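Bear in mind that the values in this text are calculations on the coordinates, not laboratory data. Note that the structure is predicted; figures quoted are calculated from it, not measured. Neighbour counts are summed over all protein chains in view; Cβ atoms, including those assigned to glycine, are modelled from backbone coordinates with ideal geometry.
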Amino acid sequence: MNGLLHTAQSVAGNDGRQGELVSGLFVIFLIVAAVFYLLVIAFLVWAILRRRREHRREGLLRGVLIGWTVTIALVLGGLTLASWFTDRHLAEAAEAPALEIELVGHQWWWEIRYQGARPADQVRSANELHLPAGVRAHITLRSEDVIHSLWIPNLAGKQDLIPGRETDISLLPQQIGRYRGQCAEFCGIQHANMALDVIVESPAAFERWRQAQLQIPPSPTDPAAMRGYALVTGGACASCHNIAGTPASGQVAPDLSHIASKTSLAAGTLPMSRANLAAWIADPQRHKPGNNMPIIPLTPAQLADVVAYLETLR
Ligand code: CUA
């Protein structure tokens, strides 16, 4: 799409095959509708200007009516064909996916799992979806609580995540870039803060990312980070969060194994930085009221240690 409309979140984006097909169909409908609107207005003006003249001959009226009816039938037939071809192309773009992803909606974050050939190849992530450009991805969608809806407008249309029922969506990103996905179904007080960072990269960069995600984060060596490690993996954090290779194995909150490599915090609520990480942990309810993360009482020194440790999780 043109430069002005190409942003991290744009319904006019052609960055994915599915989005390109649907916005192409939209443009066809828009042009046809605009031409007919102008024609109808032109006839209306013509009729008003001529209303005091003598009545037209019957034959001319019949000719206009028949011509108009045939035109409308042809145009509607054409639009139906255009929709049909778009549908066919959408189905083709979803064929033989090379990447299987599982995405689970939670109030208010996204749990992401990349299926691998072996269980050990499974990558777990949260709130940041990496996709290789030019590769067909098939995403299975589930919800743990209420109805959510996955919407990455640059890439494709929406698909709901429904509790107790599996749905799916196919994506074929074409353009390397960073995009913003958003929950598109009201799901509670923090619905607006249920965003998803989408990173489309070259297949080689994606593979590097995938390999890095499979690594168990190295044990901290810095004294502050070591104190933070003890606080995080031995304290309340560990009962909800998982960190690979540590005693922290909670399953109800986002996986923190590589949190410092992320673009944002708390599902797009805050940009990732040391200061925001500290502010978030100090009082998660201030930044995202109603979310499930409690305030863990920490002294300022303990908070600094926790942040020092989390920053090693790259
Ligand atoms: Cu999840 Cu709105």
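Odds and ends about this structure:
- Amide H partners (placed H, <5 Å) of A184, local residues excluded: S149, L150, W151
- Local electrostatic count at I199 - Lys and Arg +1, Asp and Glu -1, tallied over other residues with Cβ under 9 Å: -2
- For the residues A47, A224, A82, a GNM of the chain with alpha-carbon springs under 10 Å puts the largest fluctuation on A47.
- Kirkwood-based Rg to Rh ratio, the stretch 249-314, C-alpha trace: 0.92
- Going by neighbour counts of Cβ atoms within 10 Å, the residues V307, V123 line up, fewest first, as V123, V307.
- Computed on the chain, the Cα convex hull volume stands at 173 Å³ per residue.
- When each of the peptides 159-165, 125-131 is scored by the mean number of other C-beta atoms lying within 10 Å of its residues, the order from highest to lowest reads 125-131, 159-165.
- Value of [θ]222 nm, deg cm²/dmol, for the chain, DSSP H segments ≥ 4, -39500 (n - 2.57) each, nearest 500: -12500 deg cm²/dmol
- Full extension of the chain between A301 and I72 gives 75.1 nm of extra length, using 0.36 nm per residue less the Cα-Cα distance.
- Put in line by how crowded their Cβ is, counting other Cβ atoms within 10 Å and starting with the fewest, L150, L60 read L60, L150.
- Cα centroid separation, the stretch 126-176 to the stretch 203-261 (Å): 25 Å
- Coupling constants for the stretch 29-42 follow from the phi torsions by the Karplus curve (6.51 cos²θ - 1.76 cosθ + 1.60, θ = phi - 60°), and in residue order they are 4, 5, 5, 4, 5, 5, 4, 5, 4, 5, 4, 4, 5, 5 Hz; glycine and proline get x.
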